[in-house]
1. Using the Kirkwood radius over Cα pairs, work out the Stokes-Einstein diffusion coefficient for the range 152-298 at 10 °C and 1.306 mPa s, in µm²/s as a whole number.
2. Using DSSP to define loop residues, name the trypsin sites (Lys or Arg not before Pro) in the range 92-187 whose beta-carbon has at most 13 other beta-carbon atoms within 10 Å.
3. Of the GluC sites (Glu not before Pro) in the range 1-80, which ones lie in a loop per DSSP and count no more than 13 other C-beta atoms within 10 Å?
4. Listing 295, 239 from the residue with the fewest other Cβ atoms within 10 Å to the one with the most, what is the order?
5. Around residue 58, which amide H atoms from residues at least 5 apart in sequence, or from another chain, sit under 5 Å from its own amide H, with H modelled in the peptide plane?
6. For residue 136, enumerate residues with amide H under 5 Å from its amide H, sequence gap 5+ or separate chain, H modeled in the peptide plane.
7. Return the whole-Å distance between the Cα centroid of the range 228-299 and the Cα centroid of the range 56-100.
8. Suppose we keep just the DSSP beta bridges with both residues in the range 1-158; what percent of those would be antiparallel, to 5?
Amino acid sequence: MLLRILGTAAGGGLPQWNCACPGCAGARLHPARRRLHDGLAVHGGGAGGWFLANATPDVAEQLESHPGLRPGTGEDRTPVVRVVLTDAELDHTLGLLRLREAARIDIWCTEPVRGALGARLPLTDILTPYTTLTWHDLPLAGSGRYAEVAGLEVSALPLSDKRPRYAADEPSHPAWSVALKVRDPGPGTRALYAPAVAAWSDRLGTEIAEADRVLLDGTFLDEEEPRRTGISRRTASGMGHLPIEGPEGTARRLGGAGARVLYTHLNNTNPLTDPGDRAHERLAGLGPRVAEDRMVVSL
């Protein structure tokens with residue numbers, strides 16, 4: 001199984017077009033610091049092909065950045081695109097519109113996410129004149145079922161009932177936001193993709209401990225970062241993202257699994273977007289690292 005990391009930034013990317021904070025200014029001054037929206041392409045090996053974990057506004061640029069995701073020799077176009085969604089947020093779904101040139105888009109998601117994308121953000125109505133959309137149920141972890149996608153076994157670990165703003169009045173459901181559990185049935189290797197973690201649970205801790213590689217929510221470095229930088233009156237966890245550092249932070253909860261964790265979904269205010277910030281040294285002492293755009297992880 002190959003994990004191709006397509007992007008590692010939170011909403012708006014890095015730099016954000018309307019922001020001149022130190023992180024965005026640094027990314028403009030040093031292009032190597034630029035980050036696309038967090039996203040992932042997963043390949044099962046052999047002829048199984050690949051699937052996207054989320055479809056971001058940057059998806060076309062992301063696919064072009066990895067030669068293995070471009071149309072193959074002798075192919076005029078990529079005929080079918082498979083997408084597995086972690087939620088219904090705009091940053092994870094607007095890329096579906098960019099994929100409309102495909103002959104067919106297969107989408108796996110949970111029940112509330114499909115409802116939001118079909119009614120509140122009517123992607124089905126918008127895309128149907130351009131391509132064929134095929135919707136698939138994404139089974140919940142622990143149900144004994146999984147979806148077979150590109151030769152891999154995929155299921156959803158519910159994380160929170162955090163809805164996107166455009167669907168804020170929709171009913172509560174534990175699978176509005178999920179982590180993706182991906183297992184390669186051949187060698188039995190497992191990956192966990194959790195770009196938005198609002199609260200820690202024993203189940204999440206167990207899944208992290210059992211995974212061979214984890215891509216984990218690294219939106220904010222500490223709890224007060226959003227208020228300190230002026231982007232929100234809420235704390236990090238109040239915005240639906242556990243911070244990395246601090247008593248309730250994820251870094252100290254990882255234990256022996258820390259060396260297998262890569263942080264993704266970094267906000268533009270996060271000091272870890274600066275490779276020279278001393279926070280990298282503190283993080284290294286605990287084991288996890290920061291994911292970088294275009295990394296490829298083999299499991």
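Every read-out reported here was derived from the displayed coordinates using simple, explicitly stated rules and does not represent laboratory data. These numbers come from a predicted model, not from an experiment. All Cβ positions, glycine included, derive from the backbone under ideal geometry; neighbour counts span all protein chains shown.
1. Rounded to a whole number, D works out at 100 µm²/s.
2. 145
3. Counting only loop positions with at most 13 other Cβ atoms within 10 Å, the GluC sites (Glu not before Pro) in the range 1-80 are 75.
4. Lowest to highest Cβ neighbour count: 295, 239.
5. Those qualifying (amide H under 5 Å, at least 5 residues apart or on another chain) are 37.
6. Here 107, 108, 109 satisfy the definition.
7. Rounded to whole Å, the Cα centres lie 26 Å apart.
8. Expressed as a percentage, antiparallel bridges in the range 1-158 total about 45.
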